[in-house]
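The values are calculated or read from the model by the stated rules, or taken from the named source; none is laboratory data. All values derive from a computational prediction rather than experimental measurement. All Cβ positions, glycine included, derive from the backbone under ideal geometry; neighbour counts span all protein chains shown.
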Amino acid sequence: MTMFDKPVQRLVLVMILLLAAGLPSSGLAQEGAGDAQAIRAELRDLQQSLTQLREQAMAENPALERRQQAFQDQVLSRMRDEGVEPRKSIRRLQDISRQLQAGEVAESERRGLMTEYQEMRSEVMAARRVAMQDQKIIDAEASLRSEMLAAMREQDADAPAMIERFENLRRELAESRGRQAQ
C-alpha cells in the first residue's frame, strides 16, 4: 500500500457517505421495510466481499494500484478546475459533521454549520459531477474498471456476478425508495 491509500480510501468513503446522506434512510413503507432491510444487509455483505477482493487484487498488482491513484488524482484535479479544493472541502465537511454529532453546539451555530455543510457538499458534488462528465475521465474510468474487474476475476471467478448482483440490488433499493416518495 502507498502512503496515499488511507487518505484516498477515506476520501472515497466520505464521498460515498455524502451521496448516501442525501438519500432518505426511512423512505420505505412498513410492509417493505423488511425487504429493504434484507436488501441492505445483502448489499453490505456484497460490498464487504467486493472490497476485500479489490484490496487483494490491488495488493497483487502494484501497477493497477498506481493507475487507480492516477485516476483519482485526475478526478481531484478536474474538480479543482471547477473551483473546489476537494480534500480541503471534505476535511471541513468531516469537521462539521463531527461538531454536529457531538451535540455540543448552540442552536444558532448549529443552523450555520448545517447551512455551511449543505452548501459545501453541493459544491463538491457539483464539481464531481462535472469532472465525471469529462471525456478523458470517462475513458480513464472505463479502462481502470476493466483492468480492476480482470484483476478481481483472477482473485475470484464469481467477482463479475457479485458486482452485477450488487448493482441490481442497489437499483432495486433506489427504485423502492422512489416509489415510496411518490
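All conditions but one from (1) closer than 26 Å to residue 39 by Cβ; (2) modelled with pLDDT of 95 or more apply to residue 181; the one that does not is (2). If residue 55 passes every condition in (1) without any contact (Cβ under 8 Å) to a residue 12 or more places away in the chain; (2) within 20 Å of the chain's Cα centre (by Cα); (3) over 30 Å from residue 153 (Cβ atoms) but one, which one does it miss? Failed condition: (3).
The residues in region 55-64 that are touching a helix residue (DSSP H, G or I) at 6+ places or on another chain (Cβ under 6 Å) and in a helix (DSSP H, G or I) can be counted, and the count is 4.
Which of the residues spanning region 103-130 are among the small types (Gly, Ala, Ser) and touching a residue at least 24 places away in the same chain (Cβ under 8 Å)?
Step one: list which residues in region 103-130 are among the small types (Gly, Ala, Ser), which gives 103, 106, 108, 112, 122, 126-127.
Of everything in region 103-130, those that are among the small types (Gly, Ala, Ser) and touching a residue at least 24 places away in the same chain (Cβ under 8 Å) turn out to be 126, 127.
Just one of 89, 122 is surrounded by fewer than 15 Cβ atoms within 10 Å (Cβ to Cβ), part of a helix (DSSP H, G or I) and at negative phi; which is it?
122
Of all the residues in region 128-148, those that are touching a Lys or Arg at 6+ places or on another chain (Cβ under 8 Å) and either within 12 Å of residue 83 (Cα to Cα) or aromatic (Phe, Trp, Tyr) (or both) number 2. Restricting to region 121-169, name every residue that is of a type in the set (Lys, Arg) and closer than 27 Å to residue 73 by Cα. Within region 121-169, 121, 128, 129, 136, 145, 153 meet the criteria.
Taking residue 105 as the residue in question, decide whether it is in contact with an Asp or Glu (Cβ under 8 Å, 6 or more places away or on another chain) and outside any helix (DSSP H, G or I). No.
Quick check: anything in region 171-180 in contact with a helix residue (DSSP H, G or I) (Cβ under 7 Å, 6 or more places away or on another chain), in contact (Cβ under 8 Å) with a residue 60 or more places away in the chain, within 29 Å of residue 84 (Cα to Cα) and part of a helix (DSSP H, G or I)? Scanning region 171-180, I find no residue that is in contact with a helix residue (DSSP H, G or I) (Cβ under 7 Å, 6 or more places away or on another chain), in contact (Cβ under 8 Å) with a residue 60 or more places away in the chain, within 29 Å of residue 84 (Cα to Cα) and part of a helix (DSSP H, G or I), so the answer is no.
For region 65-86, give me each residue that is crowded, with 16+ Cβ neighbours inside 10 Å, more than 16 Å from the chain's Cα centre (by Cα) and in a helix (DSSP H, G or I). Residues satisfying the conditions are 65, 67, 74, 78.
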